[in-house]
Structures are given as C-alpha cells and as structure tokens.
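Presented below is the structure to which this report refers.
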Amino acid sequence: MSRIGKNIKKIRSLKKINQTEFAEIFSLTRGSIGAYEEERAEPKLETIIQLANYFGLSIDALVNRELTVTDLYSLDIVNEKLNEAHQFKKEPEVAYRRGGIGLVKIDSQLEYVVNFGNKDYINKLPFIELPVNFKGVTRAFELKGNEMEYHQNGLHHGDILLCLQCSLAAKKPEEGKVYVLIADGKIITRRWKEMSGSKLVWISDDPNYEQLELLPDVIQELWEVKGVYSTYLNPPKMLEEKVMILERQMEEFSKQLRNLKK
C-alpha cells in the first residue's frame, strides 16, 4: 500500500506548510492534497516525480516507505550542504540577466516536463540572450508542431517563444493571447478562447485541429507568449494577397483603357 499520503502530511507538518500553500507549489488544488493525505486518492505519476525532485527524495522512499522526522531532518542538512557546495542563491529569477533566458529545446521537452520543479535542473538549462526586459519569471520554449500555423502564417515549428510565467489563481488568461501550458505530461502551445463551465478552452490557429478543454488543476505551469524569435518570413496574409491581385488587375485594366484611347 502506498505511503505517499502520510508522507505528504508529514513533510507539510515538518516544514510548516498548510494544504493551500503546498497545493500552490505544485499547481494542485487544496482538495487534491486533502484527498491524498486521507488516502482517498493518489497523485499522478508526474506529480509524484515533481514531489520527489522538489524535496530531494527518491520516488521509492516517497511512495513505499513511511518517512520519519529523522529522515526528513537529515535530508534537509544534506540538501543545505549541497546548495552551499553548488553556490545556489535563493534569489528570484529575473527576466534578463547575464546568461540570458533559460531555453527548453524540442528534444528536451519530456525532460523538462519531468524536472520543471527541480531548481538544479532549471539552473542548468541552456540560455539565449535577447534584448527583452519582461518583469517576472521567464522561459523560452522551442515550438514543436504546426498547430499554430495556418496558410504558412503564424508560429512555425522550431520558432522560439519568449514567455512570461503567469498564474491561473491570480488572473485568468486573456482572450486571443497565445500561451504555453505544461499539462498532461506535455508542453502545449495554444491560443486562449474561453471558459466553458469549469473547463478552460484553448484553440489552435489551424482550424483543422480540435479545440482543447482542460480543467484548471491539470495545468501545472502556464506561460504567456510575449515575443517570438523566428527564422521564417511569413508570406502575405490572404487579405493582403487579394489586395495585391486586385491592384494588378486594376493596373492591367488601366493599360487596356489607355490602349483603346490611342
């Protein structure tokens, strides 16, 4: 039988974190934490991995062994010494700093989904330097897929999305804006559409893709796309193409009129 519920309660108690605060750390609901501790439900695998990484525990110990206060106290001492050895600083992440913005490449997206709660992993992300000055926690994601491209316009596979972290608890997404979501064990890029009951509705720019409906507690991280670095040159949009065709037709018609007058 899993011991994870009792271990979550013991960790909270030792670190003096209430259920709401604990839930916010891992983008869960307070009700979910209560259900885990009362053994009415168990966390998803992704959540278990996040918990283990965040507190520096093995998954086996977290799930299968009831942790003692001594275990957790000893672990805090070890982590403190490791932090000193690696010279980790408890400073808030800034938008633009020497070294640039942490980049999540296409080939490391699964690794990011597993480790995004691990500060050591985040500090070791490759960096890009761009002249931006967003206020808050930033991240850059290399776009995977063509869901946000239509008629060769929009966001392309391989584009780098410059993002600012946001919270559903603090502010709901803005209509029409593009967001990067960490949900269901994947990194997803979609445009916000609306609330439908208790679900958030996200759409692709390519209408051939179905809209995506997610419950808020499924979204583990949310990033607003504030800028894009792309090597693609978008072709003229459909309206611009029609205007250009009409202008050419008018020019040709004018030439024919001039010829008739001669």
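On the basis of being within 23 Å of Gly100 (Cβ to Cβ) and surrounded by fewer than 16 Cβ atoms within 10 Å (Cβ to Cβ), does His157 make the cut? So His157 fits the description; yes.
A search for C-beta distances below 8 Å between a residue of segment 43-59 that is charged (D, E, K, R) and any residue that is surrounded by fewer than 19 Cβ atoms within 10 Å (Cβ to Cβ), counting only pairs 6+ apart in sequence or on different chains, returns Glu46/Val114; Glu46/Gly185. Hey, any hits in segment 182-190 for a residue that's small (Gly, Ala, Ser), under 27 Å from Asn115 (Cβ atoms) and assigned to a strand (DSSP E or B)? Yes, because at least one residue in segment 182-190 is small (Gly, Ala, Ser), under 27 Å from Asn115 (Cβ atoms) and assigned to a strand (DSSP E or B). Restricting attention to segment 126-147, the residues being crowded, with 19+ Cβ neighbours inside 10 Å and not in a strand (DSSP E or B) number 2. Filtering segment 218-241 to residues that are modelled with pLDDT of 90 or more and either of a type in the set (S, T, N, Q) or not in a strand (DSSP E or B) (or both) leaves Val218, Gln220. Within segment 20-40, the set of residues being without any contact (Cβ under 8 Å) to a residue 24 or more places away in the chain, small (Gly, Ala, Ser) and surrounded by 14 or more Cβ atoms within 10 Å (Cβ to Cβ) comprises Ala23, Gly34, Ala35. Does Ile11 qualify as being over 25 Å from the mean Cα position of the chain (by Cα) and of a type in the set (Val, Ile, Thr)? Yes; evaluated as a whole, the condition is true for this residue. Can you find a residue in segment 25-40 that is modelled with pLDDT of 85 or more, charged (D, E, K, R), in a loop (DSSP other than H, G, I, E, B) and within 23 Å of Leu214 (Cα to Cα)? Looking for residues that are modelled with pLDDT of 85 or more, charged (D, E, K, R), in a loop (DSSP other than H, G, I, E, B) and within 23 Å of Leu214 (Cα to Cα), one finds at least one in segment 25-40, hence yes.
The values are calculated or read from the model by the stated rules, or taken from the named source; none is laboratory data. Just so it is clear, the structure is predicted and the values come from calculations on it, not from any experiment. Here Cβ is always computed from backbone atoms with ideal geometry, including for glycine, and neighbour counts include all displayed protein chains.
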